[in-house]
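Q: Below is a structure I'd like to ask you about.
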Amino acid sequence: QTATQKRNVRLTVFALLGVIMLIVGMFVRQFVSPERLDPQWLRAHGAVLFDPPRSFDPPRLVDQDARPFDGTAFHGNWSVLFFGFTYCPDVCPTTLTLLRDVAAALPAGKHPVRFYMVSVDPARDTPAVLKPYIAHFSPAFGALTGEFLDVHRFATQLNIPFRKSVEADGSYTIDHSANLALINPQGHFAGFLMPPFDKERVVQVLEVLGRRDL
């Protein structure tokens, strides 16, 4: 190798080491000083947090056991909400499988993390339909549904758009955001996680949040 080539190799190695040190530094900083969440670290993990978190009106929904759900269960723990529907062929089961694996990998924190699926297809997703569906992924997961306007109002407050898409044969599907809404222990909309999801990154974010009151 020429002197120039050797120098370029050294510069490349140093640049890579610098990037690795930066990533390691951000990772360590999050766990050593979790009271200060680094926006750069959050972005690298597909997460956005609001400052301050946003309040929303209590939802008027029912759970998979047909019990009224007004959001009181959000208090005292972090909640991860995925908006989907049981007829969804791919994104919904894939996301719920990932969340099942995330829940199994999460260590105990100051606040537990709960997981919910909110149906964007309430006409078909009755509690009787949702109960076995969500239990297939985890008996600890919750599922929520209700009147269309109540679901739409709740989703809009959490920045989750969805719409009905009618097929040529008269059947329909639901186009919806795959973002995961994050509700903090005070019951406020704290932010969201964005796809594509990686189990380890999601676990790291929720592990940090589980030690916070934000």
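The values are calculated or read from the model by the stated rules, or taken from the named source; none is laboratory data. Source: prediction; values computed, not measured. Methodologically, a virtual Cβ is constructed for each residue, glycine included, from the backbone with ideal geometry; neighbour enumeration extends over all protein chains shown. Each accessible area value is taken on the protein alone, full model and side chains, heavy atoms only, with ligands, DNA and RNA left out. Shrake-Rupley method; radii C 1.70, N 1.55, O 1.52, S 1.80 Å.
Q: If Leu158 meets every condition in (1) open to solvent by less than 30 Å² (accessible area, probe 1.4 Å); (2) within 12 Å of Phe85 (Cβ to Cβ) apart from one, which number is that one?
A: Condition not satisfied by Leu158: (2).
Q: Output the qualifying pairs, or none if there are none: Cβ atoms under 6 angstrom, residues six or more apart or on different chains, first residue in the range 190-214 and at pLDDT 95 or above and surrounded by fewer than 19 Cβ atoms within 10 Å (Cβ to Cβ), second residue acidic (Asp, Glu) and in a helix (DSSP H, G or I).
A: Lys199/Asp101
Yes/no matrix, rows are residues, columns are (1) open to solvent by 30 Å² or more (accessible area, probe 1.4 Å); (2) of a type in the set (S, T, N, Q); (3) within 17 Å of Gly187 (Cα to Cα); (4) modelled with pLDDT of 50 or more:
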{"residue": "Gly18", "(1), (2), (3), (4)": "yes, no, no, no"}
{"residue": "Ser33", "(1), (2), (3), (4)": "no, yes, no, no"}
{"residue": "Gln40", "(1), (2), (3), (4)": "yes, yes, no, yes"}
{"residue": "Arg43", "(1), (2), (3), (4)": "yes, no, no, yes"}
{"residue": "Leu49", "(1), (2), (3), (4)": "yes, no, yes, yes"}
{"residue": "Arg60", "(1), (2), (3), (4)": "yes, no, yes, yes"}
{"residue": "Tyr87", "(1), (2), (3), (4)": "yes, no, no, yes"}
{"residue": "Val91", "(1), (2), (3), (4)": "yes, no, no, yes"}
{"residue": "Thr94", "(1), (2), (3), (4)": "yes, yes, no, yes"}
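Q: In addition: Would you say Trp78 is free of Cβ contacts under 8 Å to residues at least 60 places away in the same chain, over 24 Å from Val129 (Cα atoms) and either of a type in the set (Phe, Trp, Tyr) or in contact with a Ser or Thr (Cβ under 7 Å, 6 or more places away or on another chain) (or both)?
A: no
Q: On to the next question. Between a residue in the range 122-139 that is surrounded by 15 or more Cβ atoms within 10 Å (Cβ to Cβ) and any residue that is assigned to a helix (DSSP H, G or I) and of a type in the set (Ser, Thr, Tyr), which pairs come within a Cβ distance under 7 Å, given they are 6 or more apart or on different chains?
A: Every condition considered, the pairs that remain are Phe137/Thr97.
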